[in-house]
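Report on the following structure.
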Amino acid sequence: MRALMKRSIFRPIWLLPAIMVFFTGCNVEHPFIKKIAFKDSNSIIIEFAGEPDQDWATDVANYKVYEKRDPDVLLSISQVLLSPDKRAVFIQFDEEINQKEPHVVSLASIHSQGKDLGTALLNVKRLYIGELFSILIGAMLINNFVFTKYLGLCVFFGISKKKNTAVGMGITFTIVMVASAMMSWFLYQFVLKPYGLDFLQVVVFIGMVSLSVQAVDTVLRKVNPALFKAFGVYLVLVIANCIILAVPLTLADNEYSALESLMLALGAGTGFLLALFLMSSARERLELANIPPTYRGLPIAFVTAGLFALAFMGFSGLVIF
Amino acid sequence: MAATKKTNTELVVNGIFMENPIFRLALSMCPAVGLTTSIKNGLLLGSAVLFVQIFSSCTIAAIKNVIHPRIRIPTYTLTIATWVTVIDLILAAYVPAAYEEMGIFVKLIVAFAIITMRLETFACKNTVSASFWDGLGMGIGFMFGMVSIGFVRELLGSGTILGYDVLGFKPLLFFVLPAAGFFCVGIMMALFNYIEVVYNRRKERKQ
């Protein structure tokens, strides 16, 4: 078991930073620009490598800012301020900008010390890792699929009678969820979208789910029979869970990138695991309680789940980054 | 491969009462909790499920002899997915406002356990016409469950029925809260259990 963990899980860890750098990419494509970022709710800061000419830097007409999604709508800039050390400018807008959207800032022919350094097109977006983290926490707690979106209830009530089975199911589900979400993302981005086959989403995604369940089944049986014995029984149940289909549909609707999809899938899986664990703990205790006969079994489980759902409403105000 | 001997009426009544998908089989709970804030939603999603259930039952019953047993589950899933895509596109085209409200649930009909279960236990052993009546009963039973939960929640939560104000005040605002879906389903299940207990007691007394 330990050898297996060493072999398969820990070795590719060095790949992670590489992937992160690859996906975050570099936002700045002009040698004169050092850094660009969102400042407050309604301003963007640009740091230069040298000192730009003051006349050029404070002229509003030199800046054009728009959301990457619709380039036709230019945001109205109220003023541009030069910082005291003259190496940075603040672009201030009339209205608040939606920082969730990536923005594009275009600078018309940059002047510095009398020279024309050409135009620049800059992308500005929020810190990517923060974004990923908030998707993960969002799917796990704030929009927990069981308690705030009410999905996957059949399996949730069926399997949450005992703690052991609940944890087993949660882990199996997370693995299959991640595998199938990544495959669905790939198919959606590179096959369905380019060829205009959006209406086949449901058919393709459910096919992907069955396929990944089968794949995990086969791989687990060969690689680790002990693990298969423990978790194999839950694999069939995974298909009957709405969450496994809801996640690919959500990430197709929101046009998530690969890493964002991974985070959503991971968050949905761990959120389900968390919900199962909480519920099974409560239900084990309920076994000992003196419940009216008509409420025994499912009805009391529903009422308990309602209490959990109320508690989870408290997360709705949680804002990270 | 024992074909059913029940008459058509019995099949329909069986779906609505004896094997009601929501209250008795406790399958497909997600929409019963998430979408029942009003009767209208229940009716729309109920009719979508009715449509999918009937058509996929009939399809499977018609082609049951050519499906190899080992690939029967994927076949069921793909059949359901096809009919769900059909109803999804129809709803998006003709009732866009309500479709927007139901959101992801229409597409998720694919994963509803009730449909697959009926295909597995009924449609693959029976004729097309029997499967049609069984599908009709299950679909109506599901719709009945959705509408009755929606009725309770809409009446108690916002004091209206089908959007018309009947009470003039809002008795328990709590019931339109999303989390109240759980409570409502739980309490109604208990109520059904209670009715069964009373019914059985009376039967015993008569004997």
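The values are calculated or read from the model by the stated rules, or taken from the named source; none is laboratory data. Since we're looking at a predicted model, the values are computed, not measured. Positions of Cβ are generated from backbone atoms using ideal geometry, with glycine treated the same way; all protein chains shown enter the neighbour counts.
In this structure, does A:Glu95 turn out to be of a type in the set (D, E, K, R), assigned to a helix (DSSP H, G or I) and either in contact (Cβ under 8 Å) with a residue 24 or more places away in the chain or closer than 23 Å to A:Lys39 by Cβ (or both)? No; evaluated as a whole, the condition is false for this residue. The residue that is farthest from A:Pro31 (Cα to Cα), among those in region A:48-82 that are in contact with a Ser or Thr (Cβ under 9 Å, 6 or more places away or on another chain) and acidic (Asp, Glu), is A:Asp53.
I'd like the full set of residues that are closer than 13 Å to B:Gly145 by Cβ and either within 14 Å of chain A (Cβ to nearest Cβ) or among the basic types (Lys, Arg) (or both), limited to region B:43-65.
Within region B:43-65, the subset closer than 13 Å to B:Gly145 by Cβ is B:43, B:45-46, B:49-50.
Result: B:Leu45, B:Val49.
To keep it simple, each residue is scored yes or no on (1) under 26 Å from the mean Cα position of the chain (by Cα); (2) surrounded by 19 or more Cβ atoms within 10 Å (Cβ to Cβ); (3) of a type outside the set (Lys, Arg).
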position	(1), (2), (3)
A:Ala258	yes, no, yes
A:Ser261	yes, yes, yes
A:Ala275	yes, yes, yes
A:Leu278	yes, yes, yes
A:Ala289	no, no, yes
A:Ile300	no, yes, yes
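Looking at B:Gly181, B:Gly103, B:Gly157, B:Gly139, which one is in a helix (DSSP H, G or I), away from chain A (no Cβ under 11 Å) and within 30 Å of B:Ser57 (Cα to Cα)?
Numbers: B:Gly181 fails: away from chain A (no Cβ under 11 Å); B:Gly103 fails: away from chain A (no Cβ under 11 Å); B:Gly157 fails: within 30 Å of B:Ser57 (Cα to Cα).
After ruling out the rest, the residue left standing is B:Gly139.
Of everything in region B:66-82 that is more than 10 Å from chain A (Cβ to nearest Cβ) and not β-branched (Val, Ile, Thr), the residue that is nearest to B:Phe112 (Cα to Cα) is B:Tyr76. Filtered by the rule that a residue be within 14 Å of chain B (Cβ to nearest Cβ) and touching a residue at least 40 places away in the same chain (Cβ under 8 Å), region A:219-239 gives A:Leu235, A:Leu237, A:Val238. All conditions but one from (1) assigned to a helix (DSSP H, G or I); (2) buried (at least 16 other Cβ atoms within 10 Å of the Cβ) apply to B:Asn126; the one that does not is (1).
Condition first: at pLDDT below 80, within 14 Å of A:Pro102 (Cα to Cα), exposed (fewer than 13 other Cβ atoms within 10 Å of the Cβ) and in the same structural domain as A:Asp116 (by TED's automatic domain parsing). Can you find one or more residues in region A:51-69 that meet it? Yes, because at least one residue in region A:51-69 is at pLDDT below 80, within 14 Å of A:Pro102 (Cα to Cα), exposed (fewer than 13 other Cβ atoms within 10 Å of the Cβ) and in the same structural domain as A:Asp116 (by TED's automatic domain parsing).
Go through region A:240-263 and give me each residue that's within 14 Å of chain B (Cβ to nearest Cβ) and closer than 10 Å to A:Met177 by Cα.
Narrowing region A:240-263 to residues within 14 Å of chain B (Cβ to nearest Cβ): A:240-254.
Within region A:240-263, A:Ile243, A:Ile244, A:Leu245, A:Val247, A:Pro248 meet the criteria.
When A:Lys161 is tested against (1) farther than 23 Å from A:Leu264 by Cβ; (2) assigned to a helix (DSSP H, G or I); (3) within 14 Å of chain B (Cβ to nearest Cβ), only condition (2) is not met.
In this structure, A:Glu287 qualifies as more than 28 Å from B:Phe112 (Cβ to Cβ), of a type in the set (Asp, Glu) and more than 12 Å from chain B (Cβ to nearest Cβ).
When B:Phe151 is tested against the conditions (1) in contact with a Lys or Arg (Cβ under 8 Å, 6 or more places away or on another chain); (2) away from chain A (no Cβ under 14 Å); (3) surrounded by fewer than 19 Cβ atoms within 10 Å (Cβ to Cβ), the lone failure is (1).
Among the listed residues A:Thr250, A:Thr165, A:Thr218, A:Thr172, identify the single one that is within 16 Å of the chain's Cα centre (by Cα) and assigned by TED's automatic domain parsing to the domain that holds A:Leu288. Walk me through how you get there before you give the answer.
On the way: A:Thr165 fails: within 16 Å of the chain's Cα centre (by Cα); A:Thr218 fails: within 16 Å of the chain's Cα centre (by Cα); A:Thr172 fails: within 16 Å of the chain's Cα centre (by Cα).
From the options A:Thr250, A:Thr165, A:Thr218, A:Thr172, the qualifying one is A:Thr250.
Take the conditions (1) in a helix (DSSP H, G or I); (2) at positive phi; (3) in contact (Cβ under 8 Å) with a residue 24 or more places away in the chain; B:Ile109 misses just one of them, which is (2).
Considering the conditions (1) assigned by TED's automatic domain parsing to the domain that holds A:Gln54; (2) touching a residue at least 12 places away in the same chain (Cβ under 8 Å), A:Asp116 is excluded by exactly one of them, (2).
So which residues in region B:83-97 are away from every other protein chain (no Cβ under 12 Å), in a helix (DSSP H, G or I) and either farther than 15 Å from B:Val49 by Cα or polar (S, T, N, Q) (or both), if there are any at all?
Here is the first cut: in region B:83-97, the ones away from every other protein chain (no Cβ under 12 Å) are B:91, B:94-97.
Then keep just the ones that are in a helix (DSSP H, G or I); that gives B:91, B:94, B:96-97.
Selection gives B:Tyr94, B:Pro96, B:Ala97.
With a cut-off of at least 3 residues that are of a type outside the set (A, V, I, L, M, F, W, C) and crowded, with 23+ Cβ neighbours inside 10 Å, name the helices (runs of 4 or more DSSP H) lying wholly within region B:1-69.
Working: elements: B:8-13, B:29-34, B:39-63.
Helices (runs of 4 or more DSSP H) meeting the threshold: B:39-63.
Take the conditions out of contact with any strand residue (DSSP E or B) (no Cβ under 9 Å at 6 or more places or on another chain), facing chain B (nearest Cβ under 8 Å) and either without any contact (Cβ under 8 Å) to a residue 40 or more places away in the chain or farther than 28 Å from A:Leu132 by Cβ (or both) and apply them to A:Ile300. Does it pass? For A:Ile300, the condition - out of contact with any strand residue (DSSP E or B) (no Cβ under 9 Å at 6 or more places or on another chain), facing chain B (nearest Cβ under 8 Å) and either without any contact (Cβ under 8 Å) to a residue 40 or more places away in the chain or farther than 28 Å from A:Leu132 by Cβ (or both) - is met.
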